[in-house]
Amino acid sequence: MQLLKPCGFEGSLRTLQHYISGLRKVQGLLPVRIKVAQTLPKVVDLQSPPFTPRQAAYLVVLKPENRQAEETDLLERMMQHPDVLLLVELADEFLQLLRQRQADAFDDWLLKAASCR
């Protein structure tokens, strides 16, 4: 098609296929058959359901002593990314403020969080 467009061909691929098919028929040639695989290969074979943002947030707010080993490993893998590491650290500090009822330290935490942009 790319070779025909500069020559002035304005038809579609289907038009070209129909024309070539007619030529082959007149010349007594067999039609060209493109073999298509009966089953397409899977792009991804999920062994478990995908990890969702909601599940990630749950791991962040879960107390460390309440996390199972698998959850701790998953959170550690997430924290290998510097942005996620910063987010988890800020969330931990915020949760400590809430759990220990330290309302006076909230303004400092908020300034720290705002400066992380």
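Might you let me know whether segment 37-56 holds any residue that is surrounded by 11 or more Cβ atoms within 10 Å (Cβ to Cβ), outside any helix (DSSP H, G or I) and at pLDDT below 90?
Yes, because at least one residue in segment 37-56 is surrounded by 11 or more Cβ atoms within 10 Å (Cβ to Cβ), outside any helix (DSSP H, G or I) and at pLDDT below 90.
How do the helices (runs of 4 or more DSSP H) wholly within segment 65-117 filter down when requiring 3 or more residues that are within 26 Å of residue 51 (Cα to Cα) and modelled with pLDDT of 90 or more: which remain?
Fully inside segment 65-117 and qualifying: 69-78, 82-99.
The values are calculated or read from the model by the stated rules, or taken from the named source; none is laboratory data. None of the values given here were measured: they were computed from a predicted structure. Ideal geometry is used to build each Cβ from the backbone, glycine not excepted, and the neighbour counts take in all protein chains shown.
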